[in-house]
Amino acid sequence: MDKYGIVLENVNLKELSTIGIGGVAKYLVRPYSYVDLTKLLDYLEENNIKYYILGNASNVIIDDEYFDGVIIKLDEFNNIEINGKEVTAGAGVMLPKLVNVCLQKELVSLAPFSMIPGTVGGSVVGNAGAYGHEIMEYVKEVKVIDKEHKIKTIVKDDISFGYRYTSLKNNYIVLSATFICEKGNPIEVLSDIQARNEKRRDTQPLDKPSVGSIFRNPEDIPAGHLIEELGLKGMKVGGAMVSEKHANFIINNGNATFDDVIKLIDKIKKEAKEKKNIDLVLEPTIIKWD
Ligand SMILES: Cc1cc2nc3c(=O)[nH]c(=O)nc-3n(C[C@H](O)[C@H](O)[C@H](O)COP(=O)(O)OP(=O)(O)OC[C@H]3O[C@@H](n4cnc5c(N)ncnc54)[C@H](O)[C@@H]3O)c2cc1C
């Protein structure tokens, strides 16, 4: 596999995920190029080897069993190209970096996403959002690999999307995305965003290992308020705990296991259903290897 990219063996996914949970994967491959990725996919499928695409693992809760397969990370796809208002970024580019590069060119549209610790690939696929904006608002087109391992470009009109959802997920591997960004005053935009980010730091446990918000907001009440009303702040299962700072965050106190987090999620869901008749819906993706 090393002809297709950088290959690491026995990689502890716990160390890669923002919540600090995950087992060891037999291999992790970082393809050098789009073509190498298509060849790698051909090789894996021909040899019946399982694989999983990870971005920055900030919106996944990963099984802590051994993964007898290949994690594919697109970190080498880290190019950013700017042509006027059009910004094309590789799937592996982290959003805070993209925002910085854009602001240097006075392109301000992506600034609301400066605190999201995800890659372009993971964030476009999941339509990440903050401060009333979603990343798909700014997407013009995305370059992808389809199930037949063909590289193609999909324009925005051919993508369906909604709250933390796009039709790309599980159907395509995103290689890069092109955004249309408006010009503005970067100093004004930055000071506004920094003030909002500061407020977030005061109200959310951003210094603790987590996957960000754990549930979507139900229609009538923010998930955090609901969980707080249920009296579940501080509830623990093993090393997993409902944050005291913001009840819609589950944090890892250092030694949480996959099962601890899943059990805590189930307890919260059960209470919400029994006491408020609300079906809470999970935001992150649960990854089970079997
Ligand atoms: C402290 C904190 C704050 C957060 N704040 C926000 C916030 O304000 N708003 C928000 O929306 N989210 C937030 N999140 C959640 C998370 O950062 C975002 O959802 C982010 O967009 C996920 O990107 P990722 O690269 O980490 O994806 P991953 O977690 O690695 O992957 C998520 C899913 O996308 C798939 N995927 C990843 N890359 C690709 C690709 N190239 N092609 C196809 N599929 C792919 C994976 O297979 C997986 O199913 C926060 C998380 C944390 C820890």
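The values are calculated or read from the model by the stated rules, or taken from the named source; none is laboratory data. Note that the structure is a prediction, hence the values are computed from the model and not measured. Here the Cβ is made from the backbone with ideal geometry for all residues, glycine too, and neighbour counts use every protein chain on show. Note: areas computed on protein heavy atoms with side chains; ligands, DNA, RNA excluded. Shrake-Rupley method; radii C 1.70, N 1.55, O 1.52, S 1.80 Å.
Brief remarks on what is shown
- Qualifying residue in the stretch 156-174 (condition: within 17 Å of residue 59 (Cα to Cα), open to solvent by 50 Å² or more (accessible area, probe 1.4 Å) and either free of Cβ contacts under 8 Å to residues at least 24 places away in the same chain or of a type in the set (Asp, Glu) (or both)): yes
- Within the stretch 28-82, being over 30 Å from residue 109 (Cα atoms) and of a type in the set (Lys, Arg) holds for 39, 50.
- A residue that is away from the ligand (no atom under 12 Å from the Cβ), open to solvent by 60 Å² or more (accessible area, probe 1.4 Å) and under 25 Å from residue 165 (Cβ atoms) occurs somewhere in the stretch 225-233.
- Selection from the stretch 122-134 of residues that are out of contact with any Pro (no Cβ under 7 Å at 6 or more places or on another chain) and either open to solvent by 10 Å² or more (accessible area, probe 1.4 Å) or touching a residue at least 40 places away in the same chain (Cβ under 8 Å) (or both): 122, 123, 124, 125, 126, 128, 129, 132, 134
- The stretch 254-278, subset modelled with pLDDT of 95 or more and not in a helix (DSSP H, G or I), residue least open to solvent (accessible area, probe 1.4 Å): 256
- Residue match in the stretch 36-51 (condition: surrounded by 22 or more Cβ atoms within 10 Å (Cβ to Cβ) and assigned to a strand (DSSP E or B)): no
- Contact map, the stretch 104-121: first residue closer than 26 Å to residue 207 by Cα, second residue among the hydrophobic types (A, V, I, L, M, F, W, C) and within 6 Å of the ligand (Cβ to nearest atom), Cβ cut-off under 6 Å, separation 6 or more or different chains; pairs are 112/130; 113/130; 116/128; 118/128; 120/91; 121/74; 121/91; 121/174.
- Look at (1) within 23 Å of residue 171 (Cα to Cα); (2) open to solvent by 40 Å² or more (accessible area, probe 1.4 Å); (3) among the basic types (Lys, Arg) and you find that residue 73 fails only one, number (2).
- Inspection of the stretch 125-139 identifies at least one residue that is more than 6 Å from the ligand (Cβ to nearest atom), at pLDDT 95 or above, of a type in the set (Asp, Glu) and in a helix (DSSP H, G or I).
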